[in-house]
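Read-outs throughout are calculated quantities, based only on the coordinates presented, and are distinct from any laboratory measurement. The structure displayed is predicted, hence computed values, not measured ones. With ideal geometry, Cβ positions are generated from the backbone for all residues, glycine too; neighbour counts draw on all protein chains shown.
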Amino acid sequence: MSAEPAAEWHRPPPEGYFAEDLDRIPGLPPHTELIDGSLVLVSPQKAFHMTAVSVLEAGLRRCAPPGIRVRREMSVVLGPRQRPEPDVLVLHADAAIDHDATWYPAEAVLLTVEVVSPDSEERDRERKPQLYAASGIRFFWRVENAGGRMVIYAYELDSTTRQYAPVGIFHDRVDLRHPYEITIDLTEIDRM
């Protein structure tokens, strides 16, 4: 019996990977992210994670005014060696991409949402917010699991410091005026 050859992505180049590499590497697992030039493989998601993403995607879409789109499972190119995949993102409808695109440019994105999972705590709480802020994405939400209930930590970019400042913590209901009028009943997670 012969051993299978290692997938190309098992042998990273000495300089690391670049954003465009994610579309060219054969056999790369779905939802692989690029953080600081390194591939980040995503673990299988738990029910809380998928349900929270569904509630937020539906709520953000329901509130979205014309000219705004809500997406999931699409990556964002933040720089040559940065291509994370937020759990949910809100963007301008006129983002210049075609139907075969696998990513959005950072300048098209208004809000990124990360639902924290055990394997992504450090990335979702620290590194990704740093990257999103540095690339000028104005709003960021971090979603934590509090005993099966969502807690949303909402942030807005301070354009002077290029860091996020907290704008609210939401337990049962999100009620915000930016990036647009948003009201979401977070207890919907109990009914899904």
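For this structure, a couple of remarks:
- Rough spin-label spacing in nm, given labels placed 7 Å along Cα→Cβ, for ASP94 and THR183: 3.0
- Difference of contour (0.36 nm per residue) and Cα-Cα distance, ARG173 to SER159: 2.3 nm
- Positive-end residue, the chain charge dipole about Cα centroid, Cβ charges, pick of LEU28, VAL116, ILE184: ILE184
- Percentage relative contact order, the chain, counting C-alpha pairs under 8 Å, at least six apart: 16
- Dipole axis of the chain (+1 Lys, Arg; -1 Asp, Glu on Cβ), positive-most option in TYR17, LEU39, VAL90: VAL90
- Given +1 at the Cβ of Lys and Arg, -1 at the Cβ of Asp and Glu and no other charges, the dipole of the chain around its Cα centre is 340 debye to the nearest 20.
- For the chain, the residue among ALA133, HIS99, ALA165 whose Cα projects farthest onto the positive side of the dipole built from Cβ charges is ALA165.
- Modelled this way, with points 7 Å down the Cα-to-C-beta line, the labels at ARG62 and ALA101 are 2.8 nm from one another.
- ASP119-ILE25 FRET efficiency (beta carbon distance; Förster radius 22 Å; 0.05 resolution): 0.55
- Shown in residue order for segment 147-156 are the 3J(HN,Hα) couplings computed by the Karplus curve 6.51 cos²θ - 1.76 cosθ + 1.60 at θ = phi - 60°: x, x, 10, 7, 10, 10, 9, 9, 10, 10 Hz (x for Gly and Pro).
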